[in-house]
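The values are calculated or read from the model by the stated rules, or taken from the named source; none is laboratory data. Since the structure is predicted, the reported quantities are computational estimates derived from the model, not experimental observations. Glycine also receives a Cβ, built like all others from the backbone with ideal geometry; neighbour counts cover every protein chain displayed. With ligands, DNA and RNA removed, areas are computed over all heavy atoms of the protein, side chains included. Shrake-Rupley method; radii C 1.70, N 1.55, O 1.52, S 1.80 Å.
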Amino acid sequence: MSRLLRPRVLLADDHLIVAEGLKRLLDPEFELVGVVEDGRALREAAKKLRPDVIVADITMPHLSGIDALVQLKKDDPKAKVVILTMHREVAYARRALEAGALGFVLKHSAPAELVAAIRTALDGRTYVTPELAGEVLRAMSDEPERPVDQVASLTSRQREILRLLAEGRVAKEIADALAISTRTVEFHKYQMMDALGLHTNADLVHFAIKHGIVEI
């Protein structure tokens, strides 16, 4: 492929060592047009650079990769995003795909998987790492019935996180306040979204206000 015709890729990952490794991996076939380290910067860079494909981590400062994905799809419904992450839990993959991701690849997977995912996204199709594909398909096809008492379905930890989220705290602030990891905060958040049938942070905030979990 001519280097002048290579698809343009924007990378979002707050680990520069990872970013450098990905740059070397992608360089033969793709043009890396930019590297950003947080979700907010990703949104701005996407508007400015208009890449063909965006590769984003989930856990990043300010705005997670999946939350940034929701914003990116609002800015440009045709945006093609591949999630590259260390999180193998199905809840993350399901939430990413429901938000509009065209790929979900684990960082410990073979490098060829990421290349395959980018190629697949360029074609407008979806790629899920084979390690999780079966579980993700089952999770998305077997939609559970929503409980009548949705608040009661949440654990005490989830209600704590929901209250802090509704108060305007970001994942890092919630993690510090509860002495848990940012990864744990995000995992509970996406589990709540699945359990409640919600799709965005704003949906969670509205739910918290409606059900008296937080006062305005």
*For ARG94, ARG43, write out the residues from largest to smallest accessible area, computed with a 1.4 angstrom probe and no ligands counted.*
ARG43, ARG94
*Tell me, what is the 1.4 Å probe accessible area of SER141, in Å² to the nearest 10?*
80
*Of all accessible surface on the stretch 1-97 at a 1.4 Å probe, what whole percent is carbon and sulfur?*
55
*asked:* Per DSSP helix of 4 or more residues, -39500 (n - 2.57); summed, then divided by the residues of the chain. What does that give at 222 nm, rounded to the nearest 500?
replied: -15500 deg cm²/dmol
*asked:* If I stretch the segment between ARG24 and ALA112 completely, what's the gain in nm (0.36 nm per residue apart, minus their alpha carbon distance), one decimal?
replied: 30.4 nm
*So, in Å, what gap is there between the alpha-carbon centers of the stretch 104-138 and the stretch 150-214?*
28
_I'd like the Karplus ³J(HN,Hα) series for the stretch 11-18: coefficients 6.51, -1.76, 1.60, θ = phi - 60°, whole numbers in Hz, and an x wherever there's a Gly or Pro._
10, 10, 7, 8, 9, 5, 5, 4
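Please compute the per residue accessible area over the stretch 1-49 with all protein chains in place, 1.4 Å probe, rounded to a whole number of Å².
On the way: 2960 Å² over 49 residues.
Per residue, the stretch 1-49 has an accessible area of 60 Å².
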_Candidate lysines for bridging to LYS48, where Cα separation is under 28 Å - those fewer than 8 sequence places away on the same chain excluded_ = LYS23, LYS73, LYS74, LYS78, LYS80, LYS107, LYS172
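Where only protein heavy atoms count, and the probe is 1.4 Å, what is the accessible area per residue for the stretch 54-195 in Å²?
Here the per-residue accessible area is 45 Å².
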*Highest mean first, what order results for 100-108, 196-204 on Cβ atoms within 10 Å?*
100-108, 196-204
*Given the options LEU22, LEU69, LEU162, state which has the largest fluctuation in a GNM of the chain using a 10 Å cut-off (strictly under) for Cα springs.*
LEU22
